[in-house]
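Structure record follows, encoded as structure tokens.
The values are calculated or read from the model by the stated rules, or taken from the named source; none is laboratory data. Please read all numbers here as calculations on a predicted model, not as lab measurements. Reconstructed Cβ throughout: ideal geometry from the backbone, glycine too, with neighbour counts over all protein chains shown. Just the protein is used for accessible areas: all its heavy atoms, side chains included, with ligands, DNA and RNA removed. Shrake-Rupley method; radii C 1.70, N 1.55, O 1.52, S 1.80 Å.
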Amino acid sequence: MSSDEVDTSAAVDVDRMADALPEPGSSKSDPILVADDVKRSFGGLTAVDVNHLEVQRGTITALIGPNGAGKSTFFNLLTGFDRVDGGRWTFEGQRINGRRGHQVARAGMVRTFQLTKALTRMTVLDNMLLGAQGQLGERMAGAFLRPLWRSQERANTERAMELLERFKLIDKRQDMAGSLSGGQRKLLEMARALMTDPSMIMLDEPMAGVNPALVQSLLQHITSLRDEGKTVLFVEHDMDVIMGISDWIVVLAQGQVIAEGRPSDIRSDQQVIDAYLGAQEVEGESGESGDE
Amino acid sequence: MDIFMILAEAARSAVGPIAAIYALAAVGLNLHFGYTGLLNFGQVGFMLVGAYGVGISVAVFDLPVAVGFLVGLGCAVVLALLLGIPTLRLRADYLAITTIAAAEVLRLVYRAGFAEPLTKGVYGLQNLSSGFREVNPFDAGGRYGVGAITFTGNQMWLMTVTWGLVALFLLITWLLIHSPWGRVIKGIREDEDAVRSLGKNVFAYKMQALVLGGLIGALAGAMLAVHQGAIQPDQFKPQVTFFLWVILLLGGAGRVFGPVLGSMAFWFLMSFTDGFLKGLGREGLLPFLSGPDYGAIQLAFAGLMLVLLIVFRPQGLIGDRKEMLINVK
Ligand SMILES: Nc1ncnc2c1ncn2[C@@H]1O[C@H](COP(=O)(O)OP(=O)(O)O)[C@@H](O)[C@H]1O
Ligand SMILES: [Mg+2]
């Protein structure tokens, strides 16, 4: 990975974090997401136990931590895909804990999955069109009234084509999503999430299994999302990638936020090095790996 | 043994009232399983409430048959809600278990002693056809058809209405499937979490599909009641659902015309086997079998058909093999 290329895209020297302090639970000047006391345990295992976390609007925030740290579970909880044991969180000032997955998505917080969920027996274009919101033809009665939704469908198709162009999937639009490679499926899932026009997008390991040639363009997509004003929260393992594009990094270990800060803060944080790198070594020994 | 007569009789079954009724019920099942991915193993339960809606209204309360149809449809909505509300938020297999059990429970309740004032228990209900036949535009005593394949006027009337309903619901299916609504339910079939993450209320869509498919099943049951003129609970055994699944898979699940082709092919083959076995029996070629065994062999044949289908043509008669073989991860 050529990290200098990544650096240039992030090198616009504005500190989007204003004067946030590099400490766990630090408060942000303009948080889009605020979570408090979010807990989830599986049997005796506490998977997530986050006391306080704020995500700054319009930034790229990386959520890192060893495998099993609770990153995916935390995503599932925030987006209504898992039931919490306790906790509250607000998105754009609205309380959204207790809402179901589709309601969270409609509020503008959209997520992707670590295990890619391409709708395999549907075309790439149909996958995209599913992301469009407020479709009149998606109501059962509306479905029969083609004139009611024809123009909406055309506009959505146009937008889908633009996104497919951007993600270099345009030639595949009529192919079944199941015929795509793993990396292309990741791209499709991200493009599909963008079809919902979210204000915040949460990507669970978007780079896993993506061909290195595509990683660069994926990173550019992520930075341009931020530059368009969207907030990105993403889980990733590749340290070069994380350091290169993140405005802020949150470190999770055993379900807790153990550190937060700018890339420069995290790089030098001994606790992180111990918890994260140490755990990675252990992981390497036990032969565990991500599911790419 | 006159093979021509056996073939003619089989062809007659392929377009006859029973094939039409099963095709209709399978259109509903196709909406459930073929498009939405709902594992409904109790479609016969919807047929039962449809048939008894007609039966109880007509035979017990002396109401017009049209009212009976409405009662049956109302019961189907209630049944779909009762089945769906507790299970559709859970994993797919919960619906499967619930539907298979609910259909059996319904049959046992309808045949139970305490239900006798309404259902007449195991004796069933009779004289259900007259209202339907009053509006028969065909000559009830006449014979219609070509060559060896003929039907009575009453059968013609029933076939016209039932195949008409099949055509209507095929059209409805086609329109729904080629709309954004259809895209959502196909998405749910593939991966409901992905669809949920895109802001769709998956539960509501599954419920809509369950209700609509159940309504179609109930209509099929109501047509069965007016076709037979008499119903009793034990004809609504799980075997009916099994036949419907064979029909759906034979024709091609997730294909608009799958249920029709499946039902025609299925009843053609069933009638052919039956005629063939009886023919052999008459010739004295099956000395080790007695008449009642033929039914069992016929059933075994249906099972064999399903096995062969899954081995050689898993996508059904008109399914898309490429689509079928896509790696579903
Ligand atoms: N559904 C579940 N049932 C039981 N344990 C789970 C479940 N989901 C996650 N866990 C456990 O919770 C911990 C956190 O998992 P996860 O959130 O997937 O970690 P990460 O995404 O950081 O690798 C792990 O120990 C995992 O085994
Ligand atoms: Mg994970």
Taking A:ASP175 as the residue in question, decide whether it is touching a residue at least 60 places away in the same chain (Cβ under 8 Å) and open to solvent by 40 Å² or more (accessible area, probe 1.4 Å). no
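Is one or more of the residues making up region B:24-34 open to solvent by 20 Å² or more (accessible area, probe 1.4 Å) and within 12 Å of the chain's Cα centre (by Cα)?
no
Take the residues in region B:255-264 that are touching a helix residue (DSSP H, G or I) at 6+ places or on another chain (Cβ under 6 Å) and either over 20 Å from B:GLY319 (Cα atoms) or in contact (Cβ under 8 Å) with a residue 60 or more places away in the chain (or both), then tell me which one is surrounded by the fewest Cβ atoms within 10 Å (Cβ to Cβ).
Among those that are touching a helix residue (DSSP H, G or I) at 6+ places or on another chain (Cβ under 6 Å) and either over 20 Å from B:GLY319 (Cα atoms) or in contact (Cβ under 8 Å) with a residue 60 or more places away in the chain (or both), it is B:VAL256.
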Output the number of residues of region B:54-71 satisfying the condition of being in contact with a Phe, Trp or Tyr (Cβ under 7 Å, 6 or more places away or on another chain) and buried (at least 24 other Cβ atoms within 10 Å of the Cβ). 1
When only residues in region A:133-158 that are at the interface with chain B (Cβ under 8 Å from one of its Cβ atoms) and outside any helix (DSSP H, G or I) count, which is most open to solvent (accessible area, probe 1.4 Å)? A:ARG139
What are the residues in region A:46-96 that are more than 11 Å from ligand 2 (Cβ to nearest atom) and aromatic (Phe, Trp, Tyr), if any? A:PHE81, A:TRP89, A:PHE91
Just one of the numbered conditions (1) open to solvent by 10 Å² or more (accessible area, probe 1.4 Å); (2) over 14 Å from the mean Cα position of the chain (by Cα) is not true of B:ILE18; which one? (2)
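Assess whether A:PHE42 counts as being within 19 Å of A:GLY108 (Cβ to Cβ), without any contact (Cβ under 8 Å) to a residue 40 or more places away in the chain and touching a Ser or Thr at 6+ places or on another chain (Cβ under 9 Å).
Against the criterion (within 19 Å of A:GLY108 (Cβ to Cβ), without any contact (Cβ under 8 Å) to a residue 40 or more places away in the chain and touching a Ser or Thr at 6+ places or on another chain (Cβ under 9 Å)), A:PHE42 does not qualify.
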Yes or no: region B:283-304 includes at least one residue that is buried (at least 20 other Cβ atoms within 10 Å of the Cβ), in contact with a Lys or Arg (Cβ under 9 Å, 6 or more places away or on another chain), away from chain A (no Cβ under 14 Å) and among the small types (Gly, Ala, Ser). no
Given the criteria touching a residue at least 60 places away in the same chain (Cβ under 8 Å) and assigned to a helix (DSSP H, G or I), does B:ARG12 qualify? yes
Right, B:ALA230: over 26 Å from B:VAL78 (Cβ atoms), more than 14 Å from every other protein chain (Cβ to nearest Cβ) and open to solvent by 10 Å² or more (accessible area, probe 1.4 Å) or not? no
Quick check: is even one residue across region B:177-197 of a type outside the set (D, E, K, R) and in contact with a strand residue (DSSP E or B) (Cβ under 9 Å, 6 or more places away or on another chain)? yes
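Wholly within region A:39-129, which helices (runs of 4 or more DSSP H) include no fewer than the required count, namely at least 2 residues that are of a type outside the set (Gly, Ala, Ser), within 10 Å of chain B (Cβ to nearest Cβ) and closer than 30 Å to A:ARG154 by Cα?
Per the criteria, A:101-107, A:124-129.
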